[in-house]
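Single-structure report; data block below.
The values are calculated or read from the model by the stated rules, or taken from the named source; none is laboratory data. Bear in mind the structure is a predicted one, so any value in this text is a computation, not a measurement. Backbone-built Cβ (ideal geometry, glycine too); neighbour counts: all protein chains shown. Side chains are part of the model used for accessible areas, which takes the heavy atoms of the whole protein and leaves out ligands, DNA and RNA. Shrake-Rupley method; radii C 1.70, N 1.55, O 1.52, S 1.80 Å.
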Amino acid sequence: MTSLAPLTATAPGSPSRWALHDSLIVARRYLTHFRQQPSRLVGNLLFPIVMVIMFGYVFGSAITLPDGGNYREFLMPGLFVMTMALGMAQTVISVTTDTAKGITDRFRTIPMSGAAVVTGRSLADLAASVLELIALLACGLLVGWRANGTVGQTLAAIGLLLLLRYALAWVGIYLGLALRSPDLASVALAPIYPLTMISNVFVLPAQMPAWLGVIAEWNPLSATVTATRELFGNPGITTSTSWAAENATLLAIAWPVILIAVFLPLAARRYRYLAA
């Protein structure tokens with residue numbers, strides 16, 4: 001494990017600056033491990049790239065958008081969101097692995113801010129997600145996807161994607177601390193896949209059975225998908241008149257903020273409970 005004691009010895013005095021200082025040190029430690037494990041980046045990107053090939057080139061030829069347009073341009077914003085969502089699985093597995101190996105217990109023996117471990121984990125996962133998103137954007141450009149909006153709209157779309165990932169990182173940290181075992185994590189993460197499928201990632205809710213379409217429209221992932229499609233200027237903007245569809249951008253901000261408001265204190269409390 002990366003040595004922390006010499007660095008914490010120089011921490012500033014105020015509690016907030018101390019917490020920030022320690023959080024950045026912990027984040028750097030996680031990023032160092034991430035850099036030493038490039039297979040993790042490859043593994044995280046493999047599934048979305050397979051989805052690009054399968055749905056973009058195999059099934060995509062049989063899928064027609066109601067308002068026309070290129071299906072791969074419709075698909076890519078959905079896959080960006082899917083990648084951000086599946087990143088939560090990596091967060092859970094990493095946290096449970098650290099607990100199983102005793103690394104979390106070792107952190108508890110170091111004189112550092114109690115919030116630093118969970119905050120540092122969230123910052124490190126966000127930074128790793130930026131690299132993953134850059135790689136996936138490049139993959140999208142290779143298959144013909146384009147961001148047709150302005151530079152500001154494109155940056156706003158990327159911001160919404162990272163906001164979603166940051167919120168899901170806190171969900172993953174809480175689940176990881178609660179489950180503790182990597183074996184239990186794989187079982188608990190099973191609902192992520194239907195959550196990504198019952199959304200507008202691959203087809204519009206209007207093309208689903210009515211009851212399923214309602215669920216898909218209110219899926220938090222669908223809000224980010226719709227908002228990013230609008231900001232990127234890609235086809236497939238929904239014609240639904242439901243409140244969720246007409247306020248997708250608002251929901252793309254509200255859902256992650258709510259998740260952070262709920263799971264950040266839960267994760268911090270769970271870590272304190274582990275330390276008790």
| query | Within the range 194-207, can you find the residues that are within 15 Å of PRO220 (Cβ to Cβ) and in a helix (DSSP H, G or I)? | reply | PRO194, LEU195, THR196, MET197, PRO205
| message | So for the range 23-37 (the condition being basic (Lys, Arg), open to solvent by less than 80 Å² (accessible area, probe 1.4 Å) and at pLDDT 75 or above), does at least one residue qualify? | response | yes
| What are the residue pairs meeting all of these: first residue in the range 172-193, first residue within 23 Å of ASN219 (Cβ to Cβ), second residue of a type in the set (D, E, K, R), Cβ atoms under 7 Å, and 6 or more apart or on different chains? | ILE173/ARG121; TYR174/ARG270
| Check on ALA245, open to solvent by 10 Å² or more (accessible area, probe 1.4 Å) and among the small types (Gly, Ala, Ser) | yes
| query | In the range 219-247, what count of residues is obtained for those that are in a helix (DSSP H, G or I), over 18 Å from the mean Cα position of the chain (by Cα) and either in contact (Cβ under 8 Å) with a residue 24 or more places away in the chain or closer than 16 Å to ILE158 by Cβ (or both)? | reply | 5
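This table checks each residue for (1) touching a Phe, Trp or Tyr at 6+ places or on another chain (Cβ under 7 Å); (2) open to solvent by less than 30 Å² (accessible area, probe 1.4 Å); (3) without any contact (Cβ under 8 Å) to a residue 12 or more places away in the chain.
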position	(1), (2), (3)
SER39	no, no, yes
ILE53	no, no, yes
GLY69	no, no, no
LEU75	yes, yes, no
ARG106	no, no, no
SER113	yes, yes, no
GLU132	no, yes, no
| query | From the residues in the range 142-198 that are surrounded by fewer than 17 Cβ atoms within 10 Å (Cβ to Cβ) and hydroxyl-bearing (Ser, Thr, Tyr), which one is farthest from ILE237 (Cα to Cα)? | reply | SER181
| query | Of the residues that make up the range 88-99, is at least one over 22 Å from LEU141 (Cβ atoms), of a type outside the set (Val, Ile, Thr), open to solvent by 10 Å² or more (accessible area, probe 1.4 Å) and not in a helix (DSSP H, G or I)? | reply | no
| query | Only one of (1) under 14 Å from the mean Cα position of the chain (by Cα); (2) acidic (Asp, Glu); (3) farther than 21 Å from ARG35 by Cβ is not met by ASP105, so which one is it? | reply | (1)
| remark: In the range 260-276, anything free of Cβ contacts under 8 Å to residues at least 24 places away in the same chain, open to solvent by 80 Å² or more (accessible area, probe 1.4 Å) and in a helix (DSSP H, G or I) is listed as ARG269, TYR273
| said: I'd like the residue in the range 248-259 that is touching a helix residue (DSSP H, G or I) at 6+ places or on another chain (Cβ under 6 Å) and open to solvent by 30 Å² or more (accessible area, probe 1.4 Å) and, out of all such residues, is farthest from ALA156 (Cα to Cα). | reply: LEU259
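Is it fair to say LEU46 is buried (at least 21 other Cβ atoms within 10 Å of the Cβ) and under 18 Å from the mean Cα position of the chain (by Cα)?
Answer is no for this residue.
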